[in-house]
Structures are given as structure tokens and as C-alpha cells.
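The values are calculated or read from the model by the stated rules, or taken from the named source; none is laboratory data. Fair warning: this is a prediction, and the values are worked out from it, not measured in the lab. As a convention, Cβ positions derive from the backbone with ideal geometry for all residues, glycine included, and neighbour counts pool all protein chains shown. These area figures cover heavy atoms from the full protein model, side chains too; ligands, DNA and RNA do not enter into them. Shrake-Rupley method; radii C 1.70, N 1.55, O 1.52, S 1.80 Å.
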Amino acid sequence: MKKHSGVKDSDTLKFGQLVREKKQKGEKIISLGLGEPNFNTPSPVIESTYEALRAGWTRYSDPLGLEELRDLIRNKLKAENNIETSKENIAVTPGAKNALFLTLMALLEPFDEVITISPCYVSYVPQIKLAEPNAVIKNVDLTKNDFSINWTQLEEKICEKTKAILLNFPHNPTGKMISIKELQRLIDIIGKENCYIISDEIYEKLNFSGFLHNSIGSFTNIKDRVITINGFSKAFAMTGWRIGYLVANSDIIKIVSKLQQHINTNTCTFVQKGACTTFLMDLNFLNTFNDQLKKNASFMLKVFGSNEKIHLTPPQGGLFSFLNISKTGMTSSEFRGELLIKKGVVVTPGIAFGKNWDDHVRITLGVDENEFQEGIRLIDEFTKEISGV
Ligand code: PLP
């Protein structure tokens, strides 16, 4: 039981269940809470998966993944991320989440320190605790005015015991992206320490502000200490398929391979075949989706811009925006509960992403335009109706 202590159920998943139950009862709910795109997996991926099944791709694969897929990933990393690697350094895993967990299991030893950027994806802290119950977690905050990294805090917290820093840009939950200059600054700060950077880039293709996505694995001087994590869930609406990957140096990959053999054996073989198609197909649907995200973000900025009770820092990429509700005088859980009861709208409380973020709520941008606009108008109404601080 030791490994479970202090690890809670995923709040976002639990709330998703509550919403599904309300919908089943016929209540109108506008969900701006969940973390998946609102389009279906592209049909070429579905078709090639059917074909793979018919052709007998139903057996075990290499624990690290099909060579064909790892070749395609290697080419993608070079062309899109400027990351030079080989297929031997890539492990295909059941989801980016699993890639992250295998990485943490491979790296962490008792009393290692891990730096997370707060707010952060709800599974980071539980995964660190599960991978190594005696790991020490240190938070570095994003600043409340524009969600950039608090560099002073980072310099204070990084030390010789720091084993890894967990990065995630485009960022869940704020929608912040990171510039080359900021990555360089990070590299300069960690330069003296021998720590790893785990860079979760699952939202890289959801980018609607013109801000370029930058991968820290492309910096050759630090490349061997970077583990890049990515997957298919968000860009290709494949959240239920469970496939992702990681790129790491040969020593780490050797450990990941061992863990994979004994935990997952391999990622579902015909799903791997389907994922190959994502590298070969027309990606125009992504422009459509990014246009939708951009439209929703602009609408929200316009509506909330004239509301004194709330403040929104413009999101740059990813699937989310993070709304400052401090002037409502409510905690983020109170806000979520009242909003659901009074207006039938679901958002995710900021407290789920870090203890200092109880004055924010997360709003998903990947929602049908009409539904999104109705939800935003209702949030606007709701906040104007409360008396606040
Ligand atoms: N990383 C981040 C930052 C996420 O927000 C999510 C899902 O919400 C994941 C990883 C999980 O991705 P996957 O579905 O590929 O496991």
C-alpha cells in the first residue's frame, strides 16, 4: 500500500464521470472541462487500423515498438523538432502518460528531487510519487501575470540533488508556450547541475497564436539529458487508443525497454500500425481545428475583456486557457460547483493543478463553437451576478 499513499484519484476524470451521469439524466450541461479534442480520429488512421487487424497485426511487437513506426517518429523529430536521434532511442508506449511514467521509473532513486512547474498536468505529481515514493517534489511557479517561469524560484530550487525538471509546453492548463530565449535561459541555469529535462510536448500541434513550438531536445549541448515525450492523443484525437512515445539516451532507453517488457510487453500492435498513418496523411484537419481553437480563444477574450471580476491571459497553444477568478472571492472548487448548479457549465478547478492555483479555473477551448460561446456567456453572467470580494 505504500506506493498508493498520498496519491488521489484523477480529479478531471472523476468530474467527467459526474457530467456523464448528469447528461444521462437528460440535464443540459455545457462541458468546458475535459481534456480531449472534439473531433473524431481521422478516417485514414481508422481505415489503416482495420487493415492492420485483417492483415494479422495482432501479435506481440518489439517492446520498443514497430521499426516502421519508430523510423517515422525519428524522421518527424528531425523534420519538425530539429531533434537528431535514431530509432534505437525511441520507445513507443501506451500513451504519453505511460511514456512519462516509464521515464520517471527509469530515472528516480530515493530522495532524488524533481522540479515541477506549477500549475501542472494533474498526473505529474501522482506519477512521481508512484514511481519513487521517497522522491522530493519541488514546485516552481509560473507567474500570475503572464504565466512565464519564475526564474528566481527556479534558480533557488535547483541543486545537485535535482534529478529532473518536468516541462510541458504548450502548457496544460494555461495555454502558455515557451520561446527559444526562455529555453536557453533554462539551459544556462541548469548548466552546472547534472539533471535531466523531461519535456512533455503532447500539445505541440495545437498552436493557434503564430508562436512557434520549440523543443529543448534540439539543443545539442543538452540533448543527452533531455527525454522528449509526445503522442497522438491530442493532435489526432486518439485519446482512447493509448499510444505515445519517448526519446531518450541509450542508457535510459535500456531501462525503459526492461520496464516495458515487464509492464506493458508492447503497445497494441495494430494501434501502432494505425499511428504510422498519422505521419503519411494530409494534416489539413489540424488547421481547421487550430482555427476553431483560435476563434474560441478570441471570443472568450472579447467577452471576458469587459468583465472586471475575471481576468484572462491570452492562451497561445494547447487545448486550454486558465481564468483568474480571484476577484470573485470563491475558491476554484466553489466556483466550479456553483457554476454547474446555477448555469450548467463545467470547468476544472485550478486547485487540481497546484496548491497555489485555487484562484483560477481551466476552460477547454476544444469545444464546438456554438456550445463554447454559450458556455462563455453563461460564465460571464455567473461572475457578474456574484458579489465578489
Ligand atoms: N501530458 C499532458 C500535459 C496532458 O495534458 C495529457 C492528457 O491530458 C497527457 C500527457 C496524456 O496523454 P496521453 O493520452 O497520450 O497519455
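Looking only at the stretch 44-78, count every residue that is closer than 27 Å to F320 by Cβ and either more than 16 Å from the ligand (Cβ to nearest atom) or hydroxyl-bearing (S, T, Y) (or both) and tell me the total. Final tally of qualifying residues: 2. Looking across the stretch 329-351, the residues that are open to solvent by 10 Å² or more (accessible area, probe 1.4 Å) and in a helix (DSSP H, G or I) come down to S333, E334, R336, G337, E338, L340, I341, K342, K343, I351. Here L77 clears all of (1) more than 17 Å from W241 (Cβ to Cβ); (2) open to solvent by 10 Å² or more (accessible area, probe 1.4 Å) except the condition numbered (2).
Identify all residues within the stretch 245-273 that are within 15 Å of the ligand (Cβ to nearest atom) and touching a Phe, Trp or Tyr at 6+ places or on another chain (Cβ under 7 Å); write none if there are none. Answer for the stretch 245-273, where residues must be within 15 Å of the ligand (Cβ to nearest atom) and touching a Phe, Trp or Tyr at 6+ places or on another chain (Cβ under 7 Å): just V271. Number of residues in the stretch 54-71 that are touching a helix residue (DSSP H, G or I) at 6+ places or on another chain (Cβ under 9 Å), open to solvent by 70 Å² or more (accessible area, probe 1.4 Å) and in a helix (DSSP H, G or I): the value is 2. Residue by residue through the stretch 289-302, note down the ones that are touching a residue at least 12 places away in the same chain (Cβ under 8 Å) and either among the aliphatic types (A, V, I, L, M) or surrounded by fewer than 16 Cβ atoms within 10 Å (Cβ to Cβ) (or both). Answer for the stretch 289-302, where residues must be touching a residue at least 12 places away in the same chain (Cβ under 8 Å) and either among the aliphatic types (A, V, I, L, M) or surrounded by fewer than 16 Cβ atoms within 10 Å (Cβ to Cβ) (or both): D291, L293, K295, A297, M300, L301.
Farther than 22 Å from F236 by Cα and in contact with a strand residue (DSSP E or B) (Cβ under 6 Å, 6 or more places away or on another chain): does that describe V92? Spelling it out, it is not the case that V92 is farther than 22 Å from F236 by Cα and in contact with a strand residue (DSSP E or B) (Cβ under 6 Å, 6 or more places away or on another chain).
Taking the criterion of being outside any strand (DSSP E or B), more than 16 Å from the ligand (Cβ to nearest atom), surrounded by 18 or more Cβ atoms within 10 Å (Cβ to Cβ) and among the hydroxyl-bearing types (S, T, Y), would at least one residue in the stretch 223-242 satisfy it? The answer is no, given that none of the residues of the stretch 223-242 is outside any strand (DSSP E or B), more than 16 Å from the ligand (Cβ to nearest atom), surrounded by 18 or more Cβ atoms within 10 Å (Cβ to Cβ) and among the hydroxyl-bearing types (S, T, Y). As a summary of the residue check, E88 satisfies the conditions (1) within 16 Å of the ligand (Cβ to nearest atom); (2) surrounded by fewer than 22 Cβ atoms within 10 Å (Cβ to Cβ) except for the one numbered (1). Within the option set F279, F208, F270, being in contact with a Lys or Arg (Cβ under 9 Å, 6 or more places away or on another chain), within 20 Å of K87 (Cβ to Cβ) and open to solvent by 10 Å² or more (accessible area, probe 1.4 Å) holds for one residue only, F279. If only residues of the stretch 169-204 that are under 22 Å from P94 (Cα atoms) and over 12 Å from the mean Cα position of the chain (by Cα) are counted, the one that is nearest to the ligand (Cβ to nearest atom) is I198.
Set side by side, the residues K129, K97, K144, K161 differ, and just one is within 14 Å of the ligand (Cβ to nearest atom), open to solvent by 30 Å² or more (accessible area, probe 1.4 Å), of a type in the set (K, R) and touching a residue at least 40 places away in the same chain (Cβ under 8 Å), which is K97. Here's a check for you: in the stretch 243-259, which residue that is small (G, A, S) and open to solvent by less than 30 Å² (accessible area, probe 1.4 Å) is farthest from F285 (Cα to Cα)? Selected residue: S257. For the stretch 108-126, the set of residues classified as away from the ligand (no atom under 13 Å from the Cβ) and either open to solvent by 20 Å² or more (accessible area, probe 1.4 Å) or under 18 Å from N230 (Cβ atoms) (or both) consists of E109, P110, F111, D112, listed by residue number.
Screening the stretch 17-42 for residues that are among the polar types (S, T, N, Q) and within 22 Å of the chain's Cα centre (by Cα) and picking the one that is nearest to the ligand (Cβ to nearest atom) gives T41.
Please verify whether the stretch 282-297 includes one or more residues that are away from the ligand (no atom under 16 Å from the Cβ), closer than 20 Å to F39 by Cβ and not in a helix (DSSP H, G or I). Checking the stretch 282-297: at least one residue is away from the ligand (no atom under 16 Å from the Cβ), closer than 20 Å to F39 by Cβ and not in a helix (DSSP H, G or I).
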